Amino acid sequence: MLVLPSTMLTEPNQKRWHMAFAAIYCSRAFSTPLKNPRKKSPVSSNRVVIDVFEPHPCFPKIDQSALAGIVKQKNLDQLRKYDGVEGLACGLETNLESGISGDAEDVLRRCEAFGSNTYRRPPAKSLLYFVWEALRDPTILILLVCAALSLGFGIKEHGLEDGWYDGGSIFVAVFLVIAVSALSNFRQNRQFVKLSKVSNNIQVDVVRNGRRQQVSIFEIVVGDVVCLKIGDQVPADGLFIDGHSLLVDESSMTGESDHVEVDLTQNPFLFSGTKVADGFGRMLVTSVGMKTTWGEMMSTISNDSNEQTPLQSRLNTLTSSIGKVGLLVAFLVLLVLLIRYFTGNTQDENGNTEYNGSKTKADDIINSVVAIIAAAVTIVVVAIPEGLPLAVTLTLAYSMKRMMSDNAMVRKLSACETMGSATTICTDKTGTLTHNQMKVTKFWLGQDLINENDSSSIATSVVELLHQGIGLNMTGSVYKSISGSEFEFSGSPTEKAILSWAVLELNLDMEGLKQSCEIVHVEAFNSTKKRSGVLMRKKAENTTNVHWKGAAEMILAMCSNYYDVSGNIKVLGDFERKKFDQIIQGMAASSLRCIAFAHKQVLEQKNEEGKIHIEENCLTFLGLVGLKDPCRPGAKKAVEECQNAGVNVKMITGDNIFTARAIATECGILKPNQDMESGAVVEGVEFRNYTPEERMEKVDKICVMARSSPFDKLLMVQCLRQKGHVVAVTGDGTNDAPALKEADIGLSMGIQGTEVAKESSDIVILDDNFGSVATVLRWGRCVYTNIQKFIQFQLTVNVAALVINFVAAVSAGEVPLSAVQLLWVNLIMDTLGALALATEKPTKELMEKPPVGRTKPLITNVMWRNLLSQAAYQIAVLLTLQFQGEAIFNVGSKVNDTMIFNVFVLCQVFNEFNARKLEKKNVFEGIQKSKLFLVIVGVTIVLQVVMVEFLRKFADTERLNWWQWGVCVGFASVSWPIGWIVKWIPVPEKPFLSYLKWGNSN
């Protein structure tokens, strides 16, 4: 047996391999005994194992299969054969400090050698798949059987020329219903595929040609040096180069919840698709795309996007209930018509009794029974509001597309509708209410404020310590091109601002600093401690220093001394501490974020477990910077818009209480007269220490929570939901993930948000702007209202059609609307009606109503009032035409039936205008902006004229004259004044259906 690595052979080597295989095969054949060929010989169990080393011409030192296997199998021995990460980097022509060259030619060469960072996905579902899904509908199948029988018996009775009309017309109508349903689902599926491509296009930090830059995850190549920080997704399989406290969440790969520590000696392996839980580091990419472990998994996963939203589930329940009523009515109609037929109470077009016992031919009986069954089945079709799920699909697909242009990418379909019910929004401060464009505006050294361009007055020793505390205690970096004089700063906004200030104001030389110092140990920043520390050694002097950076009041609490401008160390007593507290509070009240630096010269120490310990006490306070992050111009207006809509806006931030209050007041979340005593502003620790009863009592009053941890944020969301609120939460960090998942709607930030946050959210705000959150709220309400409009419109059609057909069947022995006519009504009402009402754009009045919340019913009392009044009018008019139309208008039965059909359709067209406004009396308000609505109404009228005037045999209609058309339009137009009058009638607040439940309970 020949065992080869799982790689593709290059063409020049194929002939040699064929010869080698032939030689091995022949030698094994001769070595097999000729006796008893069926019996296996011990020799035949031998295996010929050939270790094929297949280098790519561009990378002669690298075996591709072995390279991918190192990480997949966590093979340290194989890694040592390549002389570790440095040896592999050499073979991949990568400089571990400056990365690959990164030009187009180099990237292309690497893609050709090792593949691209893309995954093969299962083929997208074709249109035929959705056609097949539609065909599997039981009602459609029954209709097709009836159509086939009708077609067969019709041709037999009337000949091919005239006999195909009834059966053929049902076939055409069913075809149209299937086509529209399949096309709609197909388009929705395609929309999801496009959205998933956008959501998967993650930006990754890489080092190329000595410059740290962001590239698309799809552009990562083997040999790239990738920078990883908390919250990042590992973009490919690779090996750890350097970093500190790097913990990785491998639960997506292994199912294990415990975080895995990554280091150089024991576990340098990083897997694509895993998440960085803590620390930071750099990795060397060794395999991409389908050659990664994640790629192999992804190729077997089917990304089924037919997600059903909670509203669609509720609508399916409603559809099912109405369908049961429809089935009951259809069964009764079938029973009545069969009894009337077989008792001789029905007549044909010539007035002759259709059934005369044994005298009636079997073919005629079968034809009549098939026609009766078809009529009953069509009643079921028109009774079941299949257009409701279709309307939801159209509404959500349309709103998702429009929301994308409004800087909101919907990841989960249900979020569109749920956002419309939101009662509370818990928002971040940084980047959402503010620009997230930090700039150092104040610097205090000791108790002296150092003005801009006045750093020359600071003692050299203090400047050197600041250089160390800033340059070495940062995950950001500084890049300066060889030709240009401009600096490029990378990292978080806070780090970029401090680095920029240190380089431009304090003349920090990052390269020189890194060459003269070495980092011994790092305590990475996390949201609980709100600080980061570094233990560093100066090579020339062999001295070791601790440097801490973080929230000002926390760093100050760790200090017992401070530096003045001259470099003298002074004792930090109670008086001086109060003075510093006042400085910090003053800066915070001016909306400045305060970051402090402290240091201490120490001896290296290890704890009992052998881990290096960084000193946290008796530090010397180095200085204090204030960073300004101005409010976004539209933030206050967006907050007011949400508040006017009855939605509470709460700000949850890690900043201190003074900064938080200043920003909240500036944005309008906090009113100027709201002070701390009212409970509007609390700190996270205070909220955490409340008893559960106190939290539930006070949570509604809280407007701002400062110095909050991710746990505090989660706790607030849980409390609000327990009180019945529908909660939307914005977040951008890894630690926001629990709150984003717990909330009814999670909104992550597209620019500053980590991949973990985005994955935990329902909607991604692409511009990190609170104004976009308000836009999402408006769209959510629009979606919910549009669906309510269509429900009112659809149920009016269903109620009227059911009652008319049932009454007419019981009393007259025939249904006034034929199978084709009912299918036509079903088609235009389900599809064109849904499209017209689903694409209504958000209006200002949507943000003037209180939120829907959790408890309000989908069909409100206002909707019941509107739909029952319109249905009652339509039933009255159509039954009058059914029984007295021929006498009143002096027309034949055929023309009268056509008028009934025409009035019924035109009533729906006029009622479509009523459905635009559920409560407003002026249904034409803003009609000029709804161009699609007007186009669809126009198309519906044109199609109806075609059906009546030109498709007479197909639709079973007669031509109408101008006067008869005028009568039909006149009857239909009365829908408008009725709709206007009815809206003056007040409705009770208690839901209509609750009266029925109350009656049942008694």
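The values are calculated or read from the model by the stated rules, or taken from the named source; none is laboratory data. Values in this document were obtained by computation on a predicted structure and should not be read as measured data. Using ideal geometry, Cβ is built from the backbone for each residue, glycine included, and neighbour counts are taken over all protein chains shown. To get the accessible areas, we keep the full protein, side chains included, count just its heavy atoms, and leave off ligands, DNA and RNA. Shrake-Rupley method; radii C 1.70, N 1.55, O 1.52, S 1.80 Å.
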Mind giving me the nanometre distance, one decimal, between the label points for Ala812 and Thr441, set 7 Å out from Cα along Cα→Cβ? 7.9 nm
With a ≥ b ≥ c from the Cα gyration tensor eigenvalues, square-rooted, and the rule rounded for a/c under 1.5, otherwise prolate when a/b > b/c and oblate otherwise, region 439-628 is rounded
Step through the residues of region 922-929 one at a time and calculate ³J(HN,Hα) from phi using the Karplus curve (6.51 cos²θ - 1.76 cosθ + 1.60, θ = phi - 60°), rounding each to whole Hz and writing x for Gly and Pro. 8, 7, 9, 4, x, 5, 5, 7
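Going by average Cβ density within 10 Å per residue, which order do the peptides 508-520, 629-641 take, highest to lowest? Each step should come with its number before you reach the end.
On the way: 508-520: 14.5, 629-641: 18.6.
So the order, starting with the most tightly packed, is 629-641, 508-520.
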Taking 0.36 nm per intervening residue step and subtracting the Cα-Cα distance, what contour gain separates Ala872 from Arg959 on full extension? 28.6 nm
For a 26 Å ceiling on Cα separation, which of these pairs sit above it: Lys324/Lys412; Lys229/Lys429; Lys530/Lys713; Lys324/Lys361; Lys275/Lys637? Lys324/Lys412; Lys324/Lys361; Lys275/Lys637
Would you work out what percent of the accessible area of region 439-628, with all protein chains in place, is carbon or sulfur (probe 1.4 Å)? 47 percent
Using only the Cα atoms of region 553-636, what are the Rg and Dmax in Å? 16.6, 54
Given labels modelled 7 Å from the Cα in the Cβ direction, how far is it in nm from Glu105 to Ala557? 5.9 nm
FRET efficiency for Ser516 and Cys58 from the Cβ-Cβ distance with R0 = 35 Å, rounded to 0.05, comes out at 0.40
Interchain or sequence-distant (5+) residues whose placed amide H lies within less than 5 Å of the amide H of Arg208 are Gln213
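How big is the charge dipole of region 439-628 about its Cα centre, in debye rounded to the nearest 20, if each Lys and Arg gets +1 on its Cβ and each Asp and Glu gets -1 on its Cβ?
The calculated dipole for region 439-628 is roughly 360 debye.
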Subtract the Cα-Cα distance of Ser566 and Leu603 from 0.36 nm times their separation in residues, and report this length gain in nm to one decimal. 10.7 nm
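Accessible area of region 746-895 with a 1.4 Å probe: how many percent of it is carbon plus sulfur? Present the calculation step by step, with values, prior to reporting the outcome.
Numbers: 2690 of 4480 Å².
Carbon-and-sulfur percentage of accessible area, whole number: 60.
Keeping every protein chain present and rolling a 1.4 Å probe, give me the accessible area per residue for region 439-628 in Å².
Numbers: 9050 Å² over 190 residues.
It amounts to 48 Å² per residue over region 439-628.
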Name the residues whose placed amide hydrogens come within less than 5 Å of the amide hydrogen of Gly567, ignoring near sequence neighbours (fewer than 5 apart) on the same chain. Ala459
Setting aside same-chain residues fewer than 8 positions from Lys81, which aspartates and glutamates have a Cα under 16 Å from its Cα? Asp51, Asp63
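Given R₀ = 51 Å, FRET efficiency for Glu697-Trp984 by Cβ-Cβ distance, to 0.05? All intermediate terms of the calculation are to be shown ahead of the outcome.
Numbers: r = 42 Å, r/R0 = 0.83.
Efficiency at R0 = 51 Å is approximately 0.75.
So if each residue of separation counts as 0.36 nm, and I subtract the Cα-Cα distance between Leu264 and Leu176, what length gain in nm does that give? Could you put the intermediate results ahead of the total?
Working: separation 88, 0.36 × 88 = 31.68 nm, distance 6.43 nm.
That pair, Leu264 and Leu176, stretches by 25.2 nm at full extension.
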Taking the mean number of other Cβ atoms within 10 Å as a proxy for protection, how do you rank 778-786, 407-415 from highest to lowest? 778-786, 407-415
So what are the three principal axis dimensions of region 415-528 from its Cα atoms, in whole Å, longest to shortest? 60, 34, 33
What spacing in nm lies between the two simple spin-label points modelled at Leu335 and Tyr479, each 7 Å away from Cα in the Cβ direction? 7.9 nm
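Note down, for region 847-894, the three equivalent ellipsoid semi-axes (square root of 5 times each alpha carbon gyration tensor eigenvalue), biggest first, whole angstrom.
Values: eigenvalues 341, 17, 10 Å².
The answer is 41, 9, 7 Å, longest axis first.
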Beta carbons within 10 angstrom, averaged per residue: use that to sort the peptides 543-553, 924-934, 694-704, 858-868, highest first. 543-553, 858-868, 694-704, 924-934
Suppose R0 equals 25 Å; then what is the FRET efficiency for Ser251 and Gln78 from their Cβ-Cβ distance, rounded to the nearest 0.05? 0.45
